[in-house]
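Okay, structure first, notes after.
The values are calculated or read from the model by the stated rules, or taken from the named source; none is laboratory data. Just so it is clear, the model here is predicted, and its values are computed rather than measured. When we count neighbours, we look across all protein chains shown, and the Cβ atoms used for this are built from the backbone with ideal geometry, even at glycine.
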Amino acid sequence: MNLDLRLDTQGDFYSQRFQPTEREDTLVLNMGPQHPSTHGVLRILLEIDGEYIIRAEPVLGYIHRMHEKMAEVMSYPQYLPNPGRTDYLHALAWNWAHVAAVERLMGIEVPERAEYIRVITCELNRISSHLLWWGAILLDLGAFTPIMYAFDDRERIQDIMQRNTGSRLTYCYYRFGGVSADIDDKFIEDTRAECARLKDRAKMFKDLVTDNFILRKRLEEIGEIPVDTCRKYGATGPVLRGSGQAYDVRRAEPYSIYDRFDFNIPVYDSCDSMGRYLVRMDEIQESIKIIEQALDTLPEGDYILPKAPKRPKPPAGDVYFAVEGARGKIGMHLVSDGGKSPYRLKLRAPGFSNLSLFSEVAQGTLISDAIAILASLDLVIPEIDR
Amino acid sequence: MSEENAQPEQAAEKTKKAEKTVGKEAKKEEPQGPAYTGYDADFFLSPQDLLDAVGKLDQAGFFLEDVSCVDMQEGFQMVYHFDRFDQPGRVGIRVMISRENPEVPSIYDIYPGAAWHERECFDFFGVRFKDHPNLLPLLLAPDHDGPPPLLKEESALKDLHQIYPDRTHTPVSVDSQEFIQAITNCSNKPGRDKS
């Protein structure tokens with residue numbers, strides 16, 4: 001019996017252009033864009049031989065909103081909420097990249113206290129992003145319980161952040177020249193308590209999940225990404241640090257006041273999914289260290305520059321500003337013609353570069369391992385599609 | 001308070017205001033910009049030199065940050081950003097291509113990660129990349145109807161002198177000592193100390 005299960009003329013634009021190779025015993029499978037393990041609307045075309053992937057090709061654009069065009073038609077303050085809508089899990093890092101690019105172009109000095117508040121809130125946000133990733137990767141691998149623990153801590157962080165930012169997820173807290181509201185004693189007290197609690201929880205996370213035999217079997221030696229592959233694709237963040245390269249924008253291109261704090265850059269040179277897992281688990285603890293140091297040395301003063309422009313009109317010019325987000329290097333390339341909205345704003349999404357190496361890494365893996373690799377890349381699709 | 005006392009104050013305020021406006025005008029005259037732009041080396045190149053330059057950056061250990069494009073009066077300005085892991089420092093490579101025939105060589109063979117960035121530029125600006133393996137719409141729908149979304153209207157286009165008033169836009173040679181020195185020594189340390 002000769003059953004040809006391959007797509008010939010059926011399928012849509014992308015599957016028609018994803019023609020099977022010479023082999024006749026393969027199957028083209030469409031994963032997503034509604035597949036639960038793709039965390040939103042990522043679609044991947046797979047050519048498979050049994051359970052093994054011969055080729056994989058992500059198809060993007062299902063949640064594309066043209067943020068770059070919106071930047072050109074909105075004034076600078078109108079665009080403030082937009083960056084946080086790209087990577088909704090680490091909204092503050094995007095918010096920061098945007099305001100800092102404008103500040104750099106205008107030569108605005110942010111008050112000391114505002115810088116501290118930015119560091120504290122951005123790191124809190126990084127922890128909550130990593131916690132959600134931790135729950136989600138385990139959900140993808142079939143462990144349901146850990147996400148409940150992750151959300152327990154995540155909700156506490158959101159409660160803390162809600163007091164001064166006014167939102168729980170898509171934060172828009174930073175303004176040109178500072179932040180929108182000061183932090184109070186209750187915020188400081190709660191943050192200290194949560195830091196202490198998270199340090200305690202680390203041991204439980206380790207006993208419950210990290211040391212688990214099944215988890216190690218699912219992640220160790222799965223999805224190995226050599227450091228040179230990271231370089232060729234521009235992968236950054238925990239993906240790069242899980243491949244043994246200690247590159248973190250907070251150290252490599254220090255911005256704000258990160259050079260004042262003592263923290264490590266976790267690096268694992270196993271290059272596999274477990275390496276990327278361990279990097280993020282350690283980063284939670286490093287962020288706690290930064291927050292505690294910042295709280296200890298928090299200066300008095302303005303939380304926003306009193307003369308900060310409400311409707312900035314930066315001079316003509318071209319600047320690039322990069323910050324370290326939970327997923328890697330977030331870059332803003334801002335070109336101004338001196339008008340009230342950018343002439344061009346290019347957003348560099350770390351997930352975009354990180355996902356682009358998936359085609360190469362997924363070759364020859366099992367479908368279930370590909371799911372683990374995708375989860376270990378920590379994808380946020382709105383950030384990739386922008 | 002009597003009015004007599006208030007008047008001199010008002011007068012003083014007036015002179016202050018006058019001073020302020022004078023200050024503003026003076027500021028407008030001289031182009032002001034940031035002390036540190038985020039670029040540690042930044043070059044205009046001619047399109048035929050692009051692959052050569054990117055090859056040199058690859059050998060020097062740079063990674064690709066992104067590929068971007070700016071629509072200008074002179075044509076499309078392609079901007080390639082590179083950075084380095086071991087000795088961080090950003091290199092910007094700028095190439096001007098004409099609006100009538102927007103084509104530039106693809107750097108996919110050197111940096112496979114450029115494939116998606118180039119497809120994005122194809123989507124947003126209609127720029128074509130020569131020898132790109134798979135130049136299909138990436139973020140826009142394949143049946144997108146109409147001009148590329150980031151093209152500007154003729155009246156809104158600015159020229160290079162308006163955006164970069166205080167720098168030269170003449171392409172440098174890839175083999176020049178200036179270029180090779182700049183990418184070898186590229187580091188963000190001195191630039192950041194200035195700001």
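A single entry from A:Tyr88, A:Tyr62 fulfils the requirement of being hydroxyl-bearing (Ser, Thr, Tyr), touching a residue at least 12 places away in the same chain (Cβ under 8 Å), outside any strand (DSSP E or B) and within 24 Å of A:Gln16 (Cα to Cα): A:Tyr62.
If I filter segment A:56-67 for residues that are over 28 Å from A:Phe358 (Cβ atoms) and surrounded by fewer than 17 Cβ atoms within 10 Å (Cβ to Cβ), do I get at least one hit? The answer is no, given that none of the residues of segment A:56-67 is over 28 Å from A:Phe358 (Cβ atoms) and surrounded by fewer than 17 Cβ atoms within 10 Å (Cβ to Cβ). Which of (1) at pLDDT 90 or above; (2) more than 18 Å from the chain's Cα centre (by Cα) is the odd one out, the single condition A:Gly50 does not satisfy? Result: A:Gly50 fails condition (1) only.
If you go through segment A:55-91 and keep only what is in contact with a Ser or Thr (Cβ under 6 Å, 6 or more places away or on another chain), closer than 19 Å to B:Leu138 by Cβ and among the basic types (Lys, Arg), you end up with nothing. Restricting segment A:27-59 to residues that are without any contact (Cβ under 8 Å) to a residue 40 or more places away in the chain and part of a loop (DSSP other than H, G, I, E, B) leaves a set whose member that is farthest from the other protein chains (Cβ to nearest Cβ) is A:Gly50. Note on segment A:213-264: residues that are among the hydrophobic types (A, V, I, L, M, F, W, C), surrounded by fewer than 20 Cβ atoms within 10 Å (Cβ to Cβ) and within 12 Å of chain B (Cβ to nearest Cβ) amount to 2. Of all residues in segment B:29-49, those satisfying the criterion of being modelled with pLDDT under 80 and either within 7 Å of chain A (Cβ to nearest Cβ) or surrounded by 11 or more Cβ atoms within 10 Å (Cβ to Cβ) (or both) are B:Pro31, B:Gln32, B:Gly33, B:Pro34, B:Ala35, B:Tyr36. Residues in segment B:80-123 that are within 8 Å of another protein chain (Cβ to nearest Cβ), under 16 Å from B:Pro47 (Cα atoms) and buried (at least 24 other Cβ atoms within 10 Å of the Cβ): B:His81 only. For B:Val172, the criteria (1) modelled with pLDDT under 90; (2) more than 14 Å from chain A (Cβ to nearest Cβ); (3) over 17 Å from the mean Cα position of the chain (by Cα) hold in every case but one, which is (3).
Scanning segment B:145-164 for residues that are facing chain A (nearest Cβ under 7 Å) and either under 25 Å from B:Asp109 (Cβ atoms) or crowded, with 17+ Cβ neighbours inside 10 Å (or both) turns up B:Leu150, B:Lys158, B:Ile163, B:Tyr164.
For (1) touching a strand residue (DSSP E or B) at 6+ places or on another chain (Cβ under 6 Å); (2) crowded, with 18+ Cβ neighbours inside 10 Å; (3) outside any loop (DSSP other than H, G, I, E, B); (4) among the polar types (S, T, N, Q), each residue gets a yes or a no:
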| site | (1), (2), (3), (4) |
| --- | --- |
| A:Glu72 | no, yes, yes, no |
| A:Gln78 | no, no, yes, yes |
| A:Asn95 | yes, yes, yes, yes |
| A:Tyr116 | no, yes, yes, no |
| A:Val119 | no, yes, yes, no |
| A:Trp133 | no, yes, yes, no |
| A:Asp159 | no, no, yes, no |
| A:Gln162 | no, no, yes, yes |
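Hey, any hits in segment B:126-144 for a residue that's of a type in the set (Gly, Ala, Ser), touching a helix residue (DSSP H, G or I) at 6+ places or on another chain (Cβ under 7 Å) and within 11 Å of another protein chain (Cβ to nearest Cβ)? Scanning segment B:126-144 turns up no residue that is of a type in the set (Gly, Ala, Ser), touching a helix residue (DSSP H, G or I) at 6+ places or on another chain (Cβ under 7 Å) and within 11 Å of another protein chain (Cβ to nearest Cβ).
Does any residue of segment B:50-59 turn out to be under 20 Å from B:Glu153 (Cβ atoms) and either more than 12 Å from chain A (Cβ to nearest Cβ) or out of contact with any strand residue (DSSP E or B) (no Cβ under 8 Å at 6 or more places or on another chain) (or both)? Checked against the condition, which is being under 20 Å from B:Glu153 (Cβ atoms) and either more than 12 Å from chain A (Cβ to nearest Cβ) or out of contact with any strand residue (DSSP E or B) (no Cβ under 8 Å at 6 or more places or on another chain) (or both), segment B:50-59 yields no hits at all.
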